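Only one structure is covered here, and it is reproduced in the block below.
The values are calculated or read from the model by the stated rules, or taken from the named source; none is laboratory data. Since the structure is predicted, the reported quantities are computational estimates derived from the model, not experimental observations. Glycine gets a Cβ as well: all are built from the backbone with ideal geometry, and neighbour counts include every protein chain shown. Please note that ligands, DNA and RNA were not included when accessible areas were found on the heavy atoms of the full protein model with its side chains. Shrake-Rupley method; radii C 1.70, N 1.55, O 1.52, S 1.80 Å.
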Amino acid sequence: MKKINVKVSDELHQAWPQFRGAAVFASVVNSAYNAELWRQIDEYIALYRKQYTVDSIKEMPTIQATRQAYKKCGKDPSRYRPSSEALCRRILRGLPLYQIDTLVDLINLVSIYSGYAIGGFDSDKIQGDELVLGIGKAGEPYEGIGRGELNIEGMPVYRDVIGGIGTPTSDNERTKISGDTKHLLAIINAYSGEEGLKEAVAYMTDLLKEFAGATIVECDYFK
C-alpha cells in the first residue's frame, strides 16, 4: 500500500489556522452494495431526522466551522456547499441518501455522523507521494465527480503533482473510488479543530473492517 504524505500549505494555515486533518489509509475490498451497512445507515438517518432540522445543522460546530473556513478562503458556502452539509440537508429534506458503492456509502455515513467533509480517493490513482492542502486559484482546472468542471477558486483543495484531487464540495473524477479500488485514502477534514476527530477516525476504521474487509488500516494526523 502506497503511503502518501499529507500536509497543509502556509496559505491555508494563514486563512484557517485551527484546521486539523486525519488521513486514513486502508487495503480494502469494495462492493457494489452491502445490505447490513444500509440497515445501519437507514437506522441512523431515522434518528438524525428526529434530532436536527435543515436550519439547526448550520449550528453544528463541524459544519459551521467548514462554512466559516470557506468564507475565509474566499468561497460562498451557500452557493458551493461542503459535502457534509449537502448530505445532511438532503436527508433532512426527506430525500434518500445516494447509494454509490460500499466504500463511498460508508464514508458518507461517517460524514453525516460527524459533520466533517471527508475526501475519499483511490490512492493508487494519486500521482506522486505527497498531497498538499491549499486554496483554489482562478481558472484552475478541476472535474468534480458527477459535476463536470467545478470552479474551485477560493476553495480548500488537495493537490498532487498533477493538480487538484479533492475539495470539501466534491472530489475529482481522476482519483475517485471505483469497484476496482484496492487501496483507499480517506481524509477527514476537521475545520473545527481536533475535538471529535479521533472518534470519527475510530468509527470509520470500524466500518472499513466490518464492511470493506480492511486488513491494513493506518492513520496519520496532520495540521
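General remarks:
- Residue count for region 191-217, restricted to those that are surrounded by 21 or more Cβ atoms within 10 Å (Cβ to Cβ) and among the hydroxyl-bearing types (S, T, Y): 2
- Boolean, S78 is out of contact with any Pro (no Cβ under 6 Å at 6 or more places or on another chain), of a type in the set (S, T, Y) and within 23 Å of L150 (Cα to Cα): yes
- Selection of region 40-57 for residues being surrounded by 16 or more Cβ atoms within 10 Å (Cβ to Cβ) and either in contact with a Gly (Cβ under 9 Å, 6 or more places away or on another chain) or without any contact (Cβ under 8 Å) to a residue 40 or more places away in the chain (or both) yields only I57.
- Filtered residues of region 2-39 (kept if of a type in the set (S, T, N, Q), more than 19 Å from the chain's Cα centre (by Cα) and open to solvent by less than 50 Å² (accessible area, probe 1.4 Å)): S31, N34
- Test: residue in region 170-190 that is closer than 27 Å to Q14 by Cβ, in contact (Cβ under 8 Å) with a residue 40 or more places away in the chain, open to solvent by 20 Å² or more (accessible area, probe 1.4 Å) and part of a loop (DSSP other than H, G, I, E, B): no
- E153 meets all of the listed conditions (1) closer than 26 Å to M60 by Cβ; (2) open to solvent by 30 Å² or more (accessible area, probe 1.4 Å) but one, namely (1).
- Failed item, numbered, when V54 is tested on (1) of a type outside the set (D, E); (2) on the phi < 0 side of the Ramachandran plot; (3) modelled with pLDDT of 95 or more: (3)
- With respect to the conditions (1) in contact (Cβ under 8 Å) with a residue 40 or more places away in the chain; (2) within 23 Å of E195 (Cβ to Cβ), L87 falls short on a single one, namely (1).
- Checklist (1) under 15 Å from the mean Cα position of the chain (by Cα); (2) surrounded by fewer than 17 Cβ atoms within 10 Å (Cβ to Cβ); (3) among the charged types (D, E, K, R) applied to D122, failing item: (2)
- A residue that is in contact with a helix residue (DSSP H, G or I) (Cβ under 9 Å, 6 or more places away or on another chain) and of a type in the set (S, T, Y) occurs nowhere in region 1-12.
- Any hit, region 93-100, residues being hydrophobic (A, V, I, L, M, F, W, C), open to solvent by less than 40 Å² (accessible area, probe 1.4 Å) and within 30 Å of S27 (Cβ to Cβ): yes
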